[in-house]
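See below for the structure under consideration.
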Amino acid sequence: MSALLQKHREILDKALDACSKRYSWTAYPESPSSKIWGREKPVAGKANFEAMLGTDYHLAQPGEVGRTGLEISPYTGEPLGISYPKMDVDLLYQAIESGMPSWRNATPQTRIGVCLEILDRCAGQLFENAHATMHTSGQSYIMAFAGSGANALDRGLEALAYAHKAMSDVPETAKWERQFGKSGSARLHKTYRIMPRGVGVVVCCATFPLWNGYPAMCASLATGNPVVLKPHPAAILPVALLTKVAREVLREAGFDPNLVSMVADTREEPATMALLEHPMTAIIDFTGSPAFGRWIEQNCSGKQVYTETAGCNSVVVESCQELTAMAAAIAHSLCQASAQMCTSVQNIHIPADGIVAGTEHVSFDEVAAAIVQGVEKYLQNPQVLCGTLVDDTILATIERYRGLASQHGRLLRDSAPIHYPDFPRARTASPMILEVTQTAREIYRDEIFGPVSFIIKGESIDECLRDATTNARECGAITSHVYSTDEEFLDRAEAAYNNAGASVACNLLGMPINFAAAYSDYHVTGLNPAGNACLTDLAFVASRFRIVQSKRM
(Lines give C-alpha, C1' and ligand atoms only; values in the text may rest on other atoms or scores of the structure.)
Protein backbone atom coordinates (compact mmCIF):
# COMPACT_ATOMS: atom_id res chain seq x y z
CA MET A 1 0.00 0.00 0.00
CA SER A 2 1.34 3.47 -0.87
CA ALA A 3 2.15 5.83 1.99
CA LEU A 4 -0.47 8.36 0.92
CA LEU A 5 -3.16 5.71 0.58
CA GLN A 6 -2.28 4.39 4.02
CA LYS A 7 -2.50 7.94 5.40
CA HIS A 8 -6.03 8.39 4.04
CA ARG A 9 -7.22 4.77 4.07
CA GLU A 10 -9.80 5.33 6.79
CA ILE A 11 -11.60 8.07 4.87
CA LEU A 12 -11.55 6.03 1.65
CA ASP A 13 -13.02 3.02 3.45
CA LYS A 14 -15.74 5.21 4.94
CA ALA A 15 -16.56 6.61 1.49
CA LEU A 16 -16.73 3.10 0.04
CA ASP A 17 -19.10 2.02 2.79
CA ALA A 18 -21.29 5.13 2.36
CA CYS A 19 -21.49 4.53 -1.39
CA SER A 20 -22.48 0.93 -0.80
CA LYS A 21 -25.17 1.65 1.81
CA ARG A 22 -26.19 5.17 0.65
CA TYR A 23 -26.48 6.71 4.13
CA SER A 24 -25.85 10.33 5.14
CA TRP A 25 -22.16 11.10 5.60
CA THR A 26 -19.73 13.84 4.75
CA ALA A 27 -15.96 13.89 4.97
CA TYR A 28 -15.83 17.70 4.91
CA PRO A 29 -17.88 19.96 7.21
CA GLU A 30 -20.07 22.15 5.00
CA SER A 31 -20.62 25.00 7.43
CA PRO A 32 -18.07 27.86 7.74
CA SER A 33 -19.11 28.43 11.36
CA SER A 34 -16.30 29.42 13.72
CA LYS A 35 -17.82 26.96 16.21
CA ILE A 36 -16.48 24.21 13.94
CA TRP A 37 -13.31 25.82 12.59
CA GLY A 38 -12.35 28.29 15.30
CA ARG A 39 -11.77 31.99 14.63
CA GLU A 40 -8.34 31.88 13.00
CA LYS A 41 -9.06 29.82 9.86
CA PRO A 42 -11.91 31.99 8.54
CA VAL A 43 -9.87 35.16 9.09
CA ALA A 44 -6.76 33.67 7.52
CA GLY A 45 -8.74 32.38 4.53
CA LYS A 46 -10.17 35.81 3.79
CA ALA A 47 -6.75 37.42 4.19
CA ASN A 48 -5.18 34.90 1.82
CA PHE A 49 -7.87 35.63 -0.76
CA GLU A 50 -7.40 39.37 -0.47
CA ALA A 51 -3.63 38.96 -0.81
CA MET A 52 -4.15 37.35 -4.24
CA LEU A 53 -6.10 40.32 -5.61
CA GLY A 54 -4.18 42.38 -8.13
CA THR A 55 -1.36 39.83 -8.46
CA ASP A 56 0.01 37.37 -11.02
CA TYR A 57 -1.03 33.83 -10.20
CA HIS A 58 1.89 31.57 -11.04
CA LEU A 59 1.63 27.87 -11.87
CA ALA A 60 5.02 27.31 -13.60
CA GLN A 61 3.40 25.46 -16.51
CA PRO A 62 5.35 24.78 -19.73
CA GLY A 63 3.96 26.60 -22.74
CA GLU A 64 3.12 29.89 -21.03
CA VAL A 65 3.10 32.64 -23.66
CA GLY A 66 1.63 35.54 -21.70
CA ARG A 67 -0.97 36.39 -19.11
CA THR A 68 -4.76 36.26 -19.26
CA GLY A 69 -7.88 36.58 -17.14
CA LEU A 70 -10.55 39.21 -16.54
CA GLU A 71 -12.67 38.23 -13.54
CA ILE A 72 -15.08 40.82 -12.17
CA SER A 73 -16.70 40.46 -8.77
CA PRO A 74 -20.52 40.35 -8.99
CA TYR A 75 -20.52 41.87 -5.50
CA THR A 76 -18.29 44.91 -6.05
CA GLY A 77 -18.37 45.31 -9.82
CA GLU A 78 -14.58 45.64 -9.70
CA PRO A 79 -12.01 43.44 -11.47
CA LEU A 80 -10.14 41.02 -9.23
CA GLY A 81 -6.98 42.07 -11.07
CA ILE A 82 -5.51 38.56 -11.03
CA SER A 83 -3.66 37.35 -14.11
CA TYR A 84 -3.14 33.69 -15.01
CA PRO A 85 -0.85 31.86 -17.44
CA LYS A 86 -1.93 32.16 -21.06
CA MET A 87 -1.07 28.81 -22.56
CA ASP A 88 0.10 27.54 -25.91
CA VAL A 89 -1.97 24.35 -25.94
CA ASP A 90 0.37 22.38 -28.22
CA LEU A 91 3.42 23.17 -26.07
CA LEU A 92 1.51 22.28 -22.90
CA TYR A 93 0.40 18.94 -24.35
CA GLN A 94 4.00 18.12 -25.28
CA ALA A 95 4.98 18.60 -21.64
CA ILE A 96 2.01 16.55 -20.46
CA GLU A 97 3.00 13.69 -22.74
CA SER A 98 6.41 13.36 -21.15
CA GLY A 99 4.88 12.76 -17.72
CA MET A 100 2.33 10.18 -18.83
CA PRO A 101 4.42 6.96 -18.75
CA SER A 102 5.37 7.13 -15.07
CA TRP A 103 1.80 7.94 -14.04
CA ARG A 104 0.40 5.19 -16.27
CA ASN A 105 2.84 2.70 -14.76
CA ALA A 106 2.07 3.68 -11.16
CA THR A 107 -0.17 1.29 -9.27
CA PRO A 108 -3.84 2.19 -8.86
CA GLN A 109 -3.22 2.36 -5.11
CA THR A 110 -0.50 4.96 -5.63
CA ARG A 111 -2.69 7.08 -7.86
CA ILE A 112 -5.65 6.86 -5.47
CA GLY A 113 -3.37 7.94 -2.62
CA VAL A 114 -2.16 10.99 -4.53
CA CYS A 115 -5.74 12.02 -5.31
CA LEU A 116 -6.77 11.59 -1.67
CA GLU A 117 -3.92 13.87 -0.62
CA ILE A 118 -5.02 16.49 -3.17
CA LEU A 119 -8.55 16.49 -1.75
CA ASP A 120 -7.23 16.69 1.79
CA ARG A 121 -5.11 19.74 1.03
CA CYS A 122 -7.94 21.41 -0.87
CA ALA A 123 -10.07 20.93 2.23
CA GLY A 124 -7.46 23.00 4.03
CA GLN A 125 -8.20 25.99 1.80
CA LEU A 126 -12.00 25.93 1.95
CA PHE A 127 -12.17 29.50 3.22
CA GLU A 128 -9.93 30.88 0.47
CA ASN A 129 -12.04 28.97 -2.03
CA ALA A 130 -15.27 30.31 -0.52
CA HIS A 131 -14.20 33.93 -1.01
CA ALA A 132 -12.82 33.14 -4.47
CA THR A 133 -16.12 31.50 -5.47
CA MET A 134 -18.20 34.27 -3.92
CA HIS A 135 -16.39 36.98 -5.89
CA THR A 136 -16.33 35.11 -9.20
CA SER A 137 -19.47 32.95 -9.28
CA GLY A 138 -21.58 35.30 -7.19
CA GLN A 139 -22.76 32.78 -4.63
CA SER A 140 -23.46 33.75 -1.05
CA TYR A 141 -20.59 33.09 1.32
CA ILE A 142 -22.33 30.09 2.91
CA MET A 143 -23.28 28.57 -0.45
CA ALA A 144 -19.78 29.17 -1.84
CA PHE A 145 -18.27 27.36 1.14
CA ALA A 146 -20.60 24.39 0.75
CA GLY A 147 -21.71 23.99 -2.86
CA SER A 148 -18.40 24.64 -4.62
CA GLY A 149 -16.38 23.67 -1.56
CA ALA A 150 -17.24 20.92 0.92
CA ASN A 151 -20.05 19.33 -1.14
CA ALA A 152 -17.88 19.34 -4.26
CA LEU A 153 -15.02 17.73 -2.33
CA ASP A 154 -17.42 14.99 -1.25
CA ARG A 155 -18.29 14.39 -4.90
CA GLY A 156 -14.56 14.15 -5.64
CA LEU A 157 -14.08 11.59 -2.88
CA GLU A 158 -17.14 9.71 -4.12
CA ALA A 159 -15.62 9.53 -7.62
CA LEU A 160 -12.39 8.22 -6.10
CA ALA A 161 -14.31 5.52 -4.28
CA TYR A 162 -15.86 4.37 -7.55
CA ALA A 163 -12.51 4.54 -9.34
CA HIS A 164 -11.08 2.33 -6.61
CA LYS A 165 -13.99 -0.12 -7.02
CA ALA A 166 -13.66 -0.23 -10.80
CA MET A 167 -9.91 -0.81 -10.81
CA SER A 168 -10.04 -3.28 -7.92
CA ASP A 169 -12.22 -5.50 -10.08
CA VAL A 170 -9.26 -6.08 -12.42
CA PRO A 171 -6.79 -8.67 -11.08
CA GLU A 172 -3.09 -8.19 -11.76
CA THR A 173 -2.45 -11.82 -12.69
CA ALA A 174 -4.16 -15.16 -13.11
CA LYS A 175 -3.18 -18.79 -13.66
CA TRP A 176 -5.20 -20.58 -16.33
CA GLU A 177 -5.11 -24.24 -17.28
CA ARG A 178 -7.20 -26.28 -19.70
CA GLN A 179 -7.08 -29.62 -21.45
CA PHE A 180 -7.58 -29.53 -25.24
CA GLY A 181 -8.58 -33.01 -26.34
CA LYS A 182 -6.52 -36.08 -25.53
CA SER A 183 -3.18 -34.82 -26.69
CA GLY A 184 -3.00 -31.17 -25.75
CA SER A 185 -3.15 -29.02 -22.66
CA ALA A 186 -2.30 -25.43 -21.88
CA ARG A 187 -1.08 -23.85 -18.72
CA LEU A 188 -0.94 -20.05 -19.00
CA HIS A 189 0.19 -17.20 -16.82
CA LYS A 190 -1.94 -14.14 -17.61
CA THR A 191 -1.13 -10.54 -16.75
CA TYR A 192 -3.78 -7.78 -16.83
CA ARG A 193 -2.92 -4.13 -17.09
CA ILE A 194 -5.09 -1.03 -16.69
CA MET A 195 -4.42 1.42 -19.53
CA PRO A 196 -5.63 5.03 -19.40
CA ARG A 197 -7.27 6.56 -22.45
CA GLY A 198 -5.31 9.83 -22.64
CA VAL A 199 -5.66 13.45 -21.63
CA GLY A 200 -8.88 14.39 -19.84
CA VAL A 201 -10.19 17.94 -20.30
CA VAL A 202 -12.52 19.25 -17.59
CA VAL A 203 -14.65 22.22 -18.68
CA CYS A 204 -15.88 23.86 -15.48
CA CYS A 205 -19.00 26.01 -15.16
CA ALA A 206 -19.29 29.58 -13.94
CA THR A 207 -21.71 29.14 -11.04
CA PHE A 208 -20.20 26.11 -9.28
CA PRO A 209 -16.63 25.92 -10.65
CA LEU A 210 -15.56 22.82 -8.73
CA TRP A 211 -18.86 20.90 -8.61
CA ASN A 212 -17.65 18.86 -11.57
CA GLY A 213 -14.01 19.91 -11.19
CA TYR A 214 -13.19 17.68 -8.23
CA PRO A 215 -15.04 14.51 -9.35
CA ALA A 216 -13.96 14.74 -13.00
CA MET A 217 -10.33 15.36 -12.08
CA CYS A 218 -10.31 12.53 -9.55
CA ALA A 219 -12.06 10.07 -11.90
CA SER A 220 -9.58 10.69 -14.71
CA LEU A 221 -6.41 11.16 -12.67
CA ALA A 222 -6.95 8.10 -10.48
CA THR A 223 -7.42 5.91 -13.55
CA GLY A 224 -4.13 7.10 -15.04
CA ASN A 225 -5.15 10.03 -17.26
CA PRO A 226 -3.55 13.49 -17.13
CA VAL A 227 -6.05 16.30 -16.55
CA VAL A 228 -6.32 19.77 -18.06
CA LEU A 229 -8.72 22.00 -16.14
CA LYS A 230 -10.53 24.62 -18.22
CA PRO A 231 -12.24 27.19 -15.97
CA HIS A 232 -15.02 29.47 -17.12
CA PRO A 233 -13.60 32.94 -17.92
CA ALA A 234 -15.72 34.44 -15.13
CA ALA A 235 -14.54 31.98 -12.45
CA ILE A 236 -10.88 31.10 -12.83
CA LEU A 237 -9.51 31.55 -9.30
CA PRO A 238 -11.27 28.58 -7.62
CA VAL A 239 -9.92 26.29 -10.34
CA ALA A 240 -6.47 27.82 -10.08
CA LEU A 241 -6.41 27.06 -6.34
CA LEU A 242 -7.15 23.39 -7.08
CA THR A 243 -4.57 23.28 -9.88
CA LYS A 244 -1.78 24.62 -7.71
CA VAL A 245 -2.49 22.10 -4.94
CA ALA A 246 -2.64 19.18 -7.38
CA ARG A 247 0.66 20.15 -8.99
CA GLU A 248 2.35 20.47 -5.60
CA VAL A 249 1.14 17.05 -4.45
CA LEU A 250 2.21 15.37 -7.70
CA ARG A 251 5.67 16.91 -7.50
CA GLU A 252 6.14 15.88 -3.88
CA ALA A 253 5.02 12.33 -4.74
CA GLY A 254 7.71 12.10 -7.42
CA PHE A 255 5.51 12.61 -10.48
CA ASP A 256 5.43 15.23 -13.21
CA PRO A 257 3.32 18.16 -11.99
CA ASN A 258 2.11 18.70 -15.56
CA LEU A 259 -0.21 15.74 -15.07
CA VAL A 260 -2.62 18.41 -13.81
CA SER A 261 -2.65 21.79 -15.52
CA MET A 262 -4.98 24.70 -16.19
CA VAL A 263 -5.78 26.61 -19.37
CA ALA A 264 -7.46 29.93 -18.55
CA ASP A 265 -8.91 32.30 -21.08
CA THR A 266 -11.24 35.25 -21.62
CA ARG A 267 -14.49 35.55 -23.54
CA GLU A 268 -12.63 37.58 -26.17
CA GLU A 269 -9.89 34.98 -26.64
CA PRO A 270 -11.44 31.57 -25.89
CA ALA A 271 -9.31 28.44 -25.59
CA THR A 272 -11.92 25.70 -25.10
CA MET A 273 -12.09 24.50 -28.70
CA ALA A 274 -8.31 24.09 -28.94
CA LEU A 275 -8.52 21.68 -25.99
CA LEU A 276 -11.58 19.76 -27.17
CA GLU A 277 -10.20 19.28 -30.66
CA HIS A 278 -6.64 18.38 -29.70
CA PRO A 279 -5.80 14.86 -30.89
CA MET A 280 -4.39 13.91 -27.47
CA THR A 281 -7.64 14.79 -25.72
CA ALA A 282 -9.41 11.49 -25.07
CA ILE A 283 -11.87 12.41 -22.30
CA ILE A 284 -14.11 15.46 -21.96
CA ASP A 285 -16.04 16.39 -18.82
CA PHE A 286 -18.43 19.31 -19.30
CA THR A 287 -20.78 21.16 -16.99
CA GLY A 288 -22.58 24.17 -18.39
CA SER A 289 -25.17 25.24 -20.93
CA PRO A 290 -27.40 22.64 -22.61
CA ALA A 291 -26.60 24.04 -26.07
CA PHE A 292 -22.83 23.61 -25.79
CA GLY A 293 -23.24 20.32 -23.97
CA ARG A 294 -25.28 18.95 -26.87
CA TRP A 295 -22.69 20.24 -29.34
CA ILE A 296 -19.92 18.38 -27.49
CA GLU A 297 -21.97 15.17 -27.36
CA GLN A 298 -22.69 15.35 -31.09
CA ASN A 299 -19.36 16.60 -32.43
CA CYS A 300 -16.56 15.18 -30.28
CA SER A 301 -16.70 11.70 -31.76
CA GLY A 302 -13.96 9.33 -30.77
CA LYS A 303 -13.65 10.91 -27.32
CA GLN A 304 -15.19 9.78 -24.07
CA VAL A 305 -17.70 12.52 -23.19
CA TYR A 306 -19.40 13.15 -19.84
CA THR A 307 -21.92 16.00 -19.65
CA GLU A 308 -24.07 17.62 -16.99
CA THR A 309 -26.14 20.50 -18.29
CA ALA A 310 -29.65 21.49 -17.19
CA GLY A 311 -33.36 21.09 -17.82
CA CYS A 312 -36.74 22.44 -16.84
CA ASN A 313 -36.93 21.09 -13.29
CA SER A 314 -40.50 20.74 -12.10
CA VAL A 315 -42.84 20.46 -9.13
CA VAL A 316 -46.25 18.79 -9.41
CA VAL A 317 -48.63 19.65 -6.56
CA GLU A 318 -51.55 17.26 -6.09
CA SER A 319 -52.17 17.80 -2.36
CA CYS A 320 -50.23 18.42 0.84
CA GLN A 321 -50.50 18.20 4.58
CA GLU A 322 -49.63 21.82 5.33
CA LEU A 323 -49.70 24.53 2.66
CA THR A 324 -47.31 27.00 4.27
CA ALA A 325 -44.58 24.40 4.77
CA MET A 326 -44.87 23.12 1.20
CA ALA A 327 -44.86 26.64 -0.22
CA ALA A 328 -41.78 27.51 1.84
CA ALA A 329 -39.92 24.47 0.50
CA ILE A 330 -40.64 25.49 -3.09
CA ALA A 331 -39.87 29.16 -2.41
CA HIS A 332 -36.50 28.22 -0.96
CA SER A 333 -35.54 26.64 -4.27
CA LEU A 334 -36.68 29.73 -6.20
CA CYS A 335 -34.45 31.94 -4.05
CA GLN A 336 -31.39 29.75 -3.45
CA ALA A 337 -28.39 31.01 -5.43
CA SER A 338 -30.86 33.17 -7.37
CA ALA A 339 -32.03 30.00 -9.19
CA GLN A 340 -28.65 29.57 -10.87
CA MET A 341 -28.30 25.95 -9.77
CA CYS A 342 -28.78 22.94 -12.01
CA THR A 343 -31.23 21.69 -9.37
CA SER A 344 -33.30 24.90 -9.13
CA VAL A 345 -37.05 24.52 -9.56
CA GLN A 346 -38.47 26.30 -12.63
CA ASN A 347 -41.93 24.90 -13.44
CA ILE A 348 -44.58 24.49 -10.75
CA HIS A 349 -47.64 22.56 -11.99
CA ILE A 350 -50.91 23.04 -10.07
CA PRO A 351 -54.38 21.87 -11.22
CA ALA A 352 -56.84 24.63 -12.09
CA ASP A 353 -59.39 23.42 -9.55
CA GLY A 354 -56.88 23.66 -6.71
CA ILE A 355 -55.67 21.09 -4.18
CA VAL A 356 -56.46 19.70 -0.76
CA ALA A 357 -54.18 20.96 2.02
CA GLY A 358 -54.76 18.98 5.20
CA THR A 359 -58.55 18.71 5.26
CA GLU A 360 -59.29 21.99 3.44
CA HIS A 361 -59.75 22.67 -0.24
CA VAL A 362 -57.37 25.39 -1.43
CA SER A 363 -57.83 27.19 -4.73
CA PHE A 364 -55.16 27.53 -7.41
CA ASP A 365 -54.80 31.23 -6.59
CA GLU A 366 -54.33 30.51 -2.90
CA VAL A 367 -51.56 27.98 -3.59
CA ALA A 368 -49.81 30.43 -5.93
CA ALA A 369 -50.14 33.21 -3.35
CA ALA A 370 -48.62 31.00 -0.65
CA ILE A 371 -45.55 30.34 -2.83
CA VAL A 372 -45.15 34.06 -3.52
CA GLN A 373 -45.47 34.77 0.18
CA GLY A 374 -42.81 32.14 0.90
CA VAL A 375 -40.45 33.97 -1.44
CA GLU A 376 -41.14 37.27 0.30
CA LYS A 377 -40.27 35.71 3.63
CA TYR A 378 -36.89 34.47 2.41
CA LEU A 379 -36.15 37.88 0.92
CA GLN A 380 -36.15 39.36 4.41
CA ASN A 381 -32.56 38.05 4.68
CA PRO A 382 -31.57 37.59 1.03
CA GLN A 383 -27.78 37.75 1.11
CA VAL A 384 -27.49 34.44 2.97
CA LEU A 385 -29.61 32.61 0.38
CA CYS A 386 -29.73 34.51 -2.92
CA GLY A 387 -26.21 35.78 -3.51
CA THR A 388 -25.73 37.68 -6.77
CA LEU A 389 -26.07 37.09 -10.51
CA VAL A 390 -23.04 35.59 -12.22
CA ASP A 391 -23.67 37.35 -15.52
CA ASP A 392 -25.28 40.49 -16.94
CA THR A 393 -27.20 38.42 -19.49
CA ILE A 394 -29.49 37.18 -16.72
CA LEU A 395 -30.86 40.71 -16.34
CA ALA A 396 -31.70 40.66 -20.05
CA THR A 397 -33.44 37.30 -19.57
CA ILE A 398 -35.56 38.73 -16.77
CA GLU A 399 -36.51 41.71 -18.95
CA ARG A 400 -37.50 39.37 -21.79
CA TYR A 401 -39.86 37.34 -19.62
CA ARG A 402 -41.29 40.47 -18.06
CA GLY A 403 -42.40 41.38 -21.58
CA LEU A 404 -43.78 37.89 -22.25
CA ALA A 405 -45.85 37.82 -19.06
CA SER A 406 -48.73 39.89 -20.39
CA GLN A 407 -48.81 37.93 -23.67
CA HIS A 408 -48.98 34.50 -22.09
CA GLY A 409 -50.43 34.99 -18.62
CA ARG A 410 -49.78 37.36 -15.76
CA LEU A 411 -46.97 38.42 -13.50
CA LEU A 412 -47.49 37.08 -9.97
CA ARG A 413 -44.24 38.55 -8.70
CA ASP A 414 -41.91 40.92 -10.50
CA SER A 415 -38.16 40.83 -10.12
CA ALA A 416 -36.29 43.74 -8.58
CA PRO A 417 -32.75 44.47 -7.41
CA ILE A 418 -31.83 43.17 -3.97
CA HIS A 419 -29.92 45.67 -1.86
CA TYR A 420 -26.95 44.51 0.20
CA PRO A 421 -25.64 47.21 2.56
CA ASP A 422 -22.09 45.82 2.44
CA PHE A 423 -22.11 45.60 -1.37
CA PRO A 424 -24.10 48.51 -2.81
CA ARG A 425 -22.93 47.71 -6.37
CA ALA A 426 -23.83 44.00 -6.28
CA ARG A 427 -25.55 42.61 -9.39
CA THR A 428 -28.77 41.11 -8.03
CA ALA A 429 -32.35 40.25 -8.90
CA SER A 430 -35.14 38.79 -6.80
CA PRO A 431 -37.32 35.94 -8.14
CA MET A 432 -39.79 36.64 -10.95
CA ILE A 433 -42.86 34.38 -10.97
CA LEU A 434 -45.23 34.12 -13.93
CA GLU A 435 -48.64 32.46 -13.99
CA VAL A 436 -49.36 30.69 -17.28
CA THR A 437 -51.43 27.86 -18.67
CA GLN A 438 -50.16 24.85 -20.59
CA THR A 439 -50.88 26.68 -23.86
CA ALA A 440 -47.73 28.71 -23.10
CA ARG A 441 -45.51 25.63 -22.85
CA GLU A 442 -43.09 26.88 -25.52
CA ILE A 443 -41.84 29.59 -23.15
CA TYR A 444 -41.25 27.28 -20.18
CA ARG A 445 -40.01 24.04 -21.78
CA ASP A 446 -36.32 24.99 -21.80
CA GLU A 447 -34.07 25.81 -18.87
CA ILE A 448 -34.15 29.51 -18.04
CA PHE A 449 -30.95 30.33 -16.22
CA GLY A 450 -31.67 32.68 -13.33
CA PRO A 451 -34.58 33.69 -11.08
CA VAL A 452 -37.49 33.19 -13.48
CA SER A 453 -40.13 30.56 -12.69
CA PHE A 454 -43.63 29.58 -13.77
CA ILE A 455 -46.72 28.53 -11.88
CA ILE A 456 -48.56 26.53 -14.53
CA LYS A 457 -52.32 26.05 -14.35
CA GLY A 458 -53.14 22.56 -15.61
CA GLU A 459 -56.56 21.36 -16.69
CA SER A 460 -56.29 18.44 -14.26
CA ILE A 461 -53.68 16.82 -12.04
CA ASP A 462 -53.16 14.15 -14.70
CA GLU A 463 -52.45 16.86 -17.27
CA CYS A 464 -50.02 18.49 -14.83
CA LEU A 465 -48.13 15.22 -14.44
CA ARG A 466 -48.20 14.51 -18.17
CA ASP A 467 -46.82 17.96 -19.04
CA ALA A 468 -44.08 17.83 -16.42
CA THR A 469 -42.87 14.36 -17.35
CA THR A 470 -43.06 15.03 -21.09
CA ASN A 471 -40.86 18.08 -20.58
CA ALA A 472 -38.42 16.01 -18.53
CA ARG A 473 -38.19 13.39 -21.28
CA GLU A 474 -37.90 15.80 -24.18
CA CYS A 475 -36.11 18.81 -22.67
CA GLY A 476 -34.31 17.36 -19.67
CA ALA A 477 -34.59 17.47 -15.90
CA ILE A 478 -32.09 16.99 -13.09
CA THR A 479 -34.52 17.34 -10.18
CA SER A 480 -38.26 16.74 -10.04
CA HIS A 481 -40.65 17.03 -7.11
CA VAL A 482 -44.14 15.83 -6.25
CA TYR A 483 -46.32 16.85 -3.31
CA SER A 484 -49.25 14.56 -2.53
CA THR A 485 -50.92 12.81 0.38
CA ASP A 486 -52.32 10.18 -1.99
CA GLU A 487 -50.10 7.09 -2.07
CA GLU A 488 -51.65 5.88 -5.32
CA PHE A 489 -50.85 9.20 -7.01
CA LEU A 490 -47.31 9.15 -5.62
CA ASP A 491 -46.80 5.69 -7.12
CA ARG A 492 -48.09 6.90 -10.50
CA ALA A 493 -45.95 10.03 -10.37
CA GLU A 494 -42.79 8.13 -9.49
CA ALA A 495 -43.38 5.72 -12.36
CA ALA A 496 -44.11 8.55 -14.80
CA TYR A 497 -40.95 10.48 -13.94
CA ASN A 498 -38.78 7.37 -13.87
CA ASN A 499 -40.11 6.26 -17.25
CA ALA A 500 -39.22 9.73 -18.54
CA GLY A 501 -35.63 9.12 -17.42
CA ALA A 502 -35.87 11.46 -14.43
CA SER A 503 -35.42 11.01 -10.70
CA VAL A 504 -38.13 12.37 -8.41
CA ALA A 505 -38.43 13.45 -4.78
CA CYS A 506 -41.73 13.31 -2.92
CA ASN A 507 -43.01 15.59 -0.15
CA LEU A 508 -39.63 17.08 0.79
CA LEU A 509 -39.92 19.44 3.77
CA GLY A 510 -37.47 20.73 6.36
CA MET A 511 -34.48 20.61 4.00
CA PRO A 512 -33.28 22.47 0.90
CA ILE A 513 -35.06 20.64 -1.90
CA ASN A 514 -32.21 21.54 -4.30
CA PHE A 515 -29.75 19.48 -2.25
CA ALA A 516 -28.12 16.44 -3.84
CA ALA A 517 -26.27 14.25 -1.33
CA ALA A 518 -22.94 12.74 -2.29
CA TYR A 519 -22.65 8.99 -1.55
CA SER A 520 -26.45 8.68 -1.62
CA ASP A 521 -28.07 10.60 -4.49
CA TYR A 522 -27.26 9.70 -8.08
CA HIS A 523 -26.99 13.20 -9.56
CA VAL A 524 -28.20 13.27 -13.21
CA THR A 525 -29.56 10.05 -14.69
CA GLY A 526 -28.03 10.17 -18.16
CA LEU A 527 -31.45 9.18 -19.51
CA ASN A 528 -32.76 12.59 -20.57
CA PRO A 529 -31.27 15.66 -22.31
CA ALA A 530 -29.96 17.20 -19.07
CA GLY A 531 -26.70 15.23 -19.37
CA ASN A 532 -25.29 11.83 -20.23
CA ALA A 533 -23.28 11.24 -17.04
CA CYS A 534 -24.09 10.54 -13.42
CA LEU A 535 -22.37 11.71 -10.25
CA THR A 536 -21.52 9.15 -9.29
CA ASP A 537 -21.82 5.61 -10.55
CA LEU A 538 -19.36 3.06 -11.93
CA ALA A 539 -20.07 4.22 -15.47
CA PHE A 540 -18.61 7.63 -14.58
CA VAL A 541 -15.17 6.06 -14.11
CA ALA A 542 -15.08 2.61 -15.71
CA SER A 543 -14.62 3.76 -19.32
CA ARG A 544 -11.80 6.15 -18.47
CA PHE A 545 -9.47 3.15 -18.70
CA ARG A 546 -9.31 -0.05 -20.71
CA ILE A 547 -7.65 -3.38 -20.01
CA VAL A 548 -4.84 -5.01 -21.95
CA GLN A 549 -3.45 -8.45 -21.20
CA SER A 550 -0.46 -10.66 -21.82
CA LYS A 551 -0.39 -14.49 -21.85
CA ARG A 552 2.65 -16.76 -21.50
CA MET A 553 2.92 -20.51 -21.49
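Summary table below
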read-out	value
Loop GluC sites (Glu not before Pro), the range 293-344 (other Cβ atoms within 10 Å of the site Cβ: 11 or fewer; DSSP)	GLU322
The range 233-354: relative contact order in percent, alpha carbon pairs under 8 Å with at least 6 residues between	17
Positive dipole terminus of the range 314-506, leading residue within LEU389, MET341, PRO451 (C-beta point charges)	LEU389
Mean Cβ count within 10 Å, highest first, over the residues of peptides 339-349, 253-263, 51-61, 481-491	339-349, 253-263, 481-491, 51-61
The chain, dipole about Cα centre (Lys/Arg Cβ +1, Asp/Glu Cβ -1), debye to the nearest 20	2500
Taking the chain and dividing mean pair separation by its residue count, relative contact order in percent (alpha carbons under 8 Å, at least six apart)	17
Members of LYS7/LYS35; LYS86/LYS230; LYS46/LYS377; LYS46/LYS244; LYS14/LYS41; LYS175/LYS551 lying beyond 20 Å, as alpha-carbon distances in this model show	LYS7/LYS35; LYS46/LYS377; LYS14/LYS41
Mean Cβ neighbour count within 10 Å, used as a protection proxy, ranking 448-459, 162-173 highest first	448-459, 162-173
Tensor-based shape of the range 42-153 (alpha-carbon gyration tensor, a/c under 1.5 rounded, otherwise prolate or oblate)	oblate
Nonlocal amide H pairs with LEU434, under 5 Å, H built at 1.01 Å	LEU412, SER453, PHE454, ILE455
The range 314-506: translational diffusion in µm²/s, Stokes-Einstein, Kirkwood Rh over Cα pairs, 20 °C, 1.002 mPa s	128
Under 14 Å from the Cα of LYS165 - aspartates and glutamates, other chains or at least 8 residues apart	ASP13, ASP17, ASP537
Projected area, mean over directions - the range 261-419, Cα convex hull, nm²	13.0
Among ALA328, TYR483, SER406 the positive-end extreme of the charge dipole of the range 314-506 (Cβ point charges)	SER406
Electrostatic dipole magnitude of the range 408-517 [Cβ: Lys, Arg +1; Asp, Glu -1; Cα centre; debye, to 20]	560
Carbon/sulfur fraction of accessible area - the chain, other protein chains in place, 1.4 Å, %	51
Projected label distance in nm at LYS7 and GLU474, using a 7 Å step from Cα toward the beta-carbon	5.4
Heavy-atom accessible area per residue - the range 314-506, 1.4 Å, Å²	40
Karplus-derived 3J(HN,Hα), 6.51/-1.76/1.60, for each residue of the range 290-295, Hz, glycine and proline x	x, 5, 6, x, 5, 4
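The values are calculated or read from the model by the stated rules, or taken from the named source; none is laboratory data. Everything numeric here is computed off the predicted structure, so don't read it as measured data. As a convention, Cβ positions derive from the backbone with ideal geometry for all residues, glycine included, and neighbour counts pool all protein chains shown. Only protein heavy atoms, including side chains, enter the accessible area calculation; ligands, DNA and RNA are left aside. Shrake-Rupley method; radii C 1.70, N 1.55, O 1.52, S 1.80 Å.
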